[in-house]
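J.: One structure coming up, written as structure tokens, with questions to follow.
Just so it is clear, none of the values below were taken in a lab; they were calculated from the coordinates. Note that the structure is a prediction, hence the values are computed from the model and not measured. Cβ sites come from the backbone with ideal geometry, for glycine too, and all protein chains shown count toward neighbours.
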Amino acid sequence: MIGSEECEAVPDIILTGGGVLPEHCRISLHDGVATIYPHQNAQCWLNTVLIDKPAKLSQGNSKPKFVVLY
């Protein structure tokens with residue numbers, strides 16, 4: 001879980017700043033595939049694209065991959 005200090009359960013990663021939800025998103029790793037799951041109304045960006053549904057995270061491609069959470 002990634003979220004703010006206001007989260008009922010202690011998040012694995014704590015973010016601070018405007019727009020960070022208590023439960024902002026989660027990232028899972030299953031069979032070597034990392035996937036980000038944004039929570040409803042959370043602003044999670046992947047390579048300049050605002051995502052509102054699960055998205056696969058990858059590395060090693062010619063394009064840089066990055067996630068911005070706020």
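J.: Go through 10-16, 24-30 and give me the packing order, highest mean Cβ count within 10 Å leading.
T.: On the way: 10-16: 12.6, 24-30: 15.0.
Highest to lowest by the protection proxy: 24-30, 10-16.
J.: Pulled fully out, how much extra length does the chain show between Val10 and Trp45, if you take 0.36 nm times their separation in residues and subtract their Cα-Cα distance?
T.: 10.3 nm
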